[in-house]
Structures are given as C-alpha cells and as structure tokens.
Amino acid sequence: MLNINNLHVKLEEEDKIILKGVNLTVGAGEVHAIMGPNGSGKSTLSYVLSGRDGYEVTDGSASLDGVDLLEMEPEDRAAAGLFLAFQYPVEIPGVGNMTFLRTAANAQRKSRGEPELSAAEFLKLVRSKAASLQIDAEMLKRPVNVGFSGGEKKRNEILQMAVLEPKMCILDETDSGLDVDAMKLVAEGVNALRSEGRSFLVITHYQRLLDHIKPDVVHIMADGRIIKTGGPELALEVENNGYADILAEVA
Amino acid sequence: MALAAHKTEGAALLLARYPAPNGAAWLNRARNDAAARLADMGAPFGRDEYWRYTPPAALLGDVADVAHVADEALFNAADAHELVFVDGVFDAAQSTILDDVALQIQTLDAADADIHWAADLYGALESAGQNPVPRPMAALNTARAGQGVLVRVMGAAKPVVLRHIRKSANADAMLHHVIKVEAKAKLTLLEDGVVAARANTVIEVDVADNATFDHIRNQGRDHGRLLTTHIFARLGAESRFKSFTLSLNGRLSRNEAVITLTGDNASAHIAGAAVGDGDFLHDDTIFITHDAEHCESRQVFKKVLRNGANGVFQGKILVKQGAQKTDGYQISQGLLLDDDSNFLAKPELEIYADDVICSHGSTCGSVDETSLFYLTSRGVPRAEAQDLLVLAFLDEAIAEIRDDVVADMLRNRLGGWLERHRG
C-alpha cells in the first residue's frame, strides 16, 4: 500500500531539514501508529505525503500502490486514494459543508472515470454516514468548519473520510482537543471504516487514542527518523516511561 | 474661486457633443438648469479628488467600437413590466407594459406637459446630490438625456425590468430614469445588459415614507464598454432601499450612488460584486447621508481582480448633527488573483452626531493558501477550489439581495465568469 523510502525533506524557505531518512511500509488493511515527541517531524510527514506547499523533498520516495505520490498535485493524490485528516481542520466561510463534500466526491469520481453522483444520491449517501457520527443536517448546511467545536471539526473530518472512501488514511493528531467521549465517537467512526483494502497511519502523542483504534504496528519517530518499531506494547511503554528511555536506548 | 479654464472648456465641449433634446417645457427648463450646473462645476479631470483613481478621459472623447458578447437575458419574469432599450433608445414594439393599477409608466421622450410629480423630481435629486462633491457626468446626463422612464408607484407594483440590447458598435447613450415610490408602495427595479458602447445613466428615486424600493442590476459583460451610472435616492421615514450591482468586465465602470436618509427609521443597503480580468477599471463611489434618527445604512462592495485589473472604492458615510442612533456600516474588499492587479479604497466617515454606531473596513488580499490546500487535499482540482473560495468571498455582497432566486442567478453568472477566466 504505502511505501516510504529514505525520505528526506527540508523547508522550502529556509535551510531547516525536518525529515532525515524516513522508511516506512504500511500494508493493505494495516493500522500503523506513529508516536514521537514534539518537533520530531510527524506532522511534516503527513503534509509532505498529502502535497502541501512549503516543503522540498531532497531525497527518497513515497508511493501508494506503486504510484509515485511526490510528483502529484494534492487533488490527484486524493483521487489516488490518499486522505489526510487534519490536526487543525480549516474553516472556510462562505462554502457550505455539503457543497464542499459533493464537489470533492464528484471531482474524485470524475478523475477516476466514474459517474458523478446527483444531488439526491449524494444527500442519501451523506445522511447514512453522518448519522453514526452524530452530525446533523444543520452541521451539513453550515459553512465548512465555521463555528464548529473541536469535536465537531474532527467528526467532520471522519465524515469526509467516510464519504470519500480513501484507501490510505492519515490521521494527524486527530485526538488533540477532544474529550474522552468525543474521542470515542471519532475512534468508532474510524473503526467502522477499517477493512482489508484500507490502511491507516495514525499520528498521535498519546497512547489513549490507540486504546480505541488498535494499531498493528507502532513506530516511534524522533528527529526526522523512525527510531523504533514494534507492536502495540511499544505505545504502552511510551505511556508509562515517556520517550526518554527509547531515545537513550537508540543513542 | 474661478474654475480652471480646462474644466470650463471641457464642460462646453461635453455640452456641444450632445445636442439638447426638446421636450415638455418643464423638462427643457430642468435641462437648461443642469447645463448651467455643469458649466459652473466644469468637466471631470484626472486631477480632481474624486477622479484621481479613475481617469475620466475615455468618458470625454470619441467612442471606439466595442465588441458585444452575447449573454442570456437575466430576470426573465413572466409577471413583470419589461421595457426594452436598443442602444439606449426605447423600443416600444419589444416592450411589454402590463395592466397594473399600482403603477404609472411614461417614457421620457414622450413625457406629458403636466406630469407634476416627475417635474418635481427630474434633476432635483441630482442637483441636491451635487453638494459637497460635484458629479459632472450626472449634470451632463440631466441636461442631455433624451431617453428614460418615469415610473410612479402607488401600491405593490409588479417588477419593472429595463432590458438593454446592443446593436450599434459605438453608440453613445444617455438614459435618465425618475422613480417615485409613494408612501407604503413597493417596487422592484431590475436592469439587465450593456446599455451601449458608452453609456451614462442616472436614476433619481424618491422613496416615500414606509415605501420599499429594491434595485438589482447586471451590467453585462462587454469588455470594452465605458459606463458611468448615478443613483440619487431620497428616503422617507421607515422606508427601505436596497440596490445591488453585478459587474463582469468593462474597460471603465464608474457607479456612483448618493443616498440621503431624510426620515427616521429608514434603511439603505447598497452592495456590489465586480470581477475583472485585464483591461478593467471598476469604481464604486458612494455617498450616504444620515439626516434623521434611528436610520441604518450598509455598504458591501467586493471586487475580484486579475491580470492587471483595477478596482476603486470611494465610500462615505456622513452623519449630520441630530442624526442620533445612526447605525452605519461599510465594507470594501479586493481579492487580487495575481501580483499585477490593484485595489484602491478610500473609506470616509464624517460624523456630527454623538450617539451613533459607524463601522467601516477595507481589506485587500489574495486567495488563502491554507484553504486552497484543504480543498485540494480532498480532491477538488485547484482551479475549481479557487473558484469556490472566490465565490465565497463575493457571497457577502450577493447575500445582500433579498430574493434568493435572483441571488442564485447572479451566483451562476459569477461562476460562469470564473470558469472562463482561469489559468
């Protein structure tokens, strides 16, 4: 599914190197978690994979099902099946949530050569997905993320994921800013999407989220590299002892 | 102070360029008065404070040929009076005036000798609107316009559509409309299309106590057209005034509005959306005077500019002494789609009452990259994502339109324009 090989990335505007050789392979249907201290490059990895401006790849590669991601525009990566759930979902005044979702879904279908959905078909699809995330008609009508609470924004991200049905989902600190109940709701939304053909890369600071979204593999990232890989027990180790031990062990 | 010679000469040249039409005695008198006003104030020149950002030279010389872009007619309402003008000349054969007890219509070229209500207004609101800022193109219009409509509304009238059709490549048209909305009466005035290669239009509208006037116009999409428009409005107590202008393209468009709130609890909303690509100069010059208590006014103007297009906004709120509890709002915003375009704004507040709320803002910026990334990361192609954001930017102005169906028509027009002007 996702193959990242020796990925080196620096900021475009300054000489700051953020990723210093990331190697990562996520197989189909797998859930991988990336944990790591602040500034280790976790969010940068998610942005580089999804095509945000401002980063320069100096070495290495990243591909999705054998297709080079790094040469593609963000919209083409999305159409190829990549999805990033934002740490800070963007508020877009004046653009209705429903309009946005439908434009996105149909643009992806169009680029894959699939027929576009009519307004009625689409409404039916969204309603069926929205109910379990406790997103009501009112939220769908409002401008994208405007006036949404932290929990509503994250649920809206998961709704987009459910509607767009990507094969590779990256969740960038989806648990940040959520209370326990909201986190559960979001995790249930993610779990409902788990399937053989769909993989997840869950970026988080805390083991908490991984109680609800059970990972197959846990990676620890520090200073732009993945320094340790293990099973779910690695997350527990971080929870109990912090990163200091692991960092010392690797150094 | 004596007027500079070039301004005096310019006024004489303008008056000589357009022959005085001959009509009813009251009309000829008003025209003569306006000609004298123009001679006194002089022709506009680029050094004048109010013409600094919009050089008027193209309005004063000869008219070049302007190609016409065919566009589907807007505001196709079955139950509306439709007055058709071809190159600024009324075409009775193509027009439809319905039975409507709430409304009287005459054309200016056939105005009665004893149409007192019109005689009382023609040139009167324009003349009052010449102070403190002279508006020479409006005085010229009052002096020389031979075409237009006189509409008196006594009840809930059917909408009036002014439909403009272009046939001539270089017609130079002048239209002057006078509208009186009597107490408690209601009128919606819709204007559609490019009047002529060069056009100068004036609307004088008297909105009496408790009356409602809605005005929506689409100025067409011919690139080369030159246009000056003026709205002079006088609002009575508890009256409602709304005006919205959509401008796509246009080498020069200067839309002026002079609105005076003379009765308590009146409200005036004026808004506009303008989009331009390349050789485009669009200027909204607004002057709202609060001269009564508890009145409300709103100005919402948005412009989207690319490839060296220019946008100008000069908006003023004047709150006179005694106009307590005034609520005035003004926003003007330019969205620049590249580094070559310009948006110039001159917001002004002048307040002589001490218990008022007046706010104004002006911004100029580019499309937000973070929002663009969010949209594209969901699969929306960049061009489409940008269009969505541009339409969202314009929507605060469109939302000023009361009628949702009409607002959606204008959104579609803007969407079409954006699609044609990508890349």
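Evaluated against (1) charged (D, E, K, R); (2) modelled with pLDDT of 95 or more; (3) surrounded by 15 or more Cβ atoms within 10 Å (Cβ to Cβ); (4) touching a strand residue (DSSP E or B) at 6+ places or on another chain (Cβ under 9 Å), residue B:37 falls short on exactly one condition, (4). Quick check on residue A:61: is it within 13 Å of another protein chain (Cβ to nearest Cβ), within 22 Å of residue A:225 (Cα to Cα) and among the polar types (S, T, N, Q)? No. Looking at segment B:99-107, can you tell me whether even one residue there is part of a loop (DSSP other than H, G, I, E, B) and either surrounded by fewer than 13 Cβ atoms within 10 Å (Cβ to Cβ) or within 20 Å of the chain's Cα centre (by Cα) (or both)? Checked segment B:99-107: at least one residue is part of a loop (DSSP other than H, G, I, E, B) and either surrounded by fewer than 13 Cβ atoms within 10 Å (Cβ to Cβ) or within 20 Å of the chain's Cα centre (by Cα) (or both). Within segment B:64-84, the residues that satisfy the criterion of being in contact (Cβ under 8 Å) with a residue 60 or more places away in the chain and open to solvent by 30 Å² or more (accessible area, probe 1.4 Å) are B:64, B:65, B:67, B:68, B:69, B:71, B:73, B:77, B:79, B:82. Scanning segment B:263-297 for residues that are open to solvent by 30 Å² or more (accessible area, probe 1.4 Å) and within 16 Å of residue B:323 (Cα to Cα) gives B:264, B:265, B:291, B:293, B:294, B:296. Once segment A:156-179 is narrowed to residues that are within 19 Å of residue A:69 (Cα to Cα) and in a loop (DSSP other than H, G, I, E, B), the residue that is nearest to the other protein chains (Cβ to nearest Cβ) is A:166.
Looking only at residues of segment B:369-423 that are of a type in the set (Asp, Glu) and away from chain A (no Cβ under 11 Å), we find that the one that is nearest to the chain's Cα centre (by Cα) is B:400. Would you be able to say whether some residue in segment B:309-323 is within 17 Å of residue B:247 (Cα to Cα), aliphatic (A, V, I, L, M) and assigned to a loop (DSSP other than H, G, I, E, B)? Yes, segment B:309-323 has at least one match.
For the criterion of being open to solvent by less than 10 Å² (accessible area, probe 1.4 Å) and either more than 14 Å from the chain's Cα centre (by Cα) or free of Cβ contacts under 8 Å to residues at least 40 places away in the same chain (or both), residue A:96 fails. Would you pick out the residues in segment A:69-89 that are within 7 Å of chain B (Cβ to nearest Cβ), under 14 Å from the mean Cα position of the chain (by Cα) and open to solvent by 10 Å² or more (accessible area, probe 1.4 Å)? Hit for segment A:69-89 is A:74, nothing else. Among the residues of segment B:362-386, those identified as open to solvent by less than 20 Å² (accessible area, probe 1.4 Å) and not aliphatic (A, V, I, L, M) are B:371, B:373, B:374, B:376, B:377, B:378, B:379. Of the residues making up segment A:5-47, those that are open to solvent by less than 10 Å² (accessible area, probe 1.4 Å) and among the β-branched types (Val, Ile, Thr) are A:9, A:22, A:26, A:31, A:34.
All conditions but one from (1) surrounded by 17 or more Cβ atoms within 10 Å (Cβ to Cβ); (2) within 12 Å of another protein chain (Cβ to nearest Cβ) apply to residue A:111; the one that does not is (1).
Flag: residue B:20 does not match the condition of being open to solvent by 20 Å² or more (accessible area, probe 1.4 Å), in contact with a helix residue (DSSP H, G or I) (Cβ under 8 Å, 6 or more places away or on another chain), of a type in the set (Gly, Ala, Ser) and over 16 Å from residue B:176 (Cα atoms).
The values are calculated or read from the model by the stated rules, or taken from the named source; none is laboratory data. If you're wondering where the values come from, they're calculated on a predicted model, not measured in any experiment. Every residue, glycine as well, gets a Cβ built from its backbone with ideal geometry; the counts of neighbours run over all protein chains shown. When the accessible area is computed, the model is the full protein with side chains, heavy atoms only, and any ligands, DNA or RNA have been set aside. Shrake-Rupley method; radii C 1.70, N 1.55, O 1.52, S 1.80 Å.
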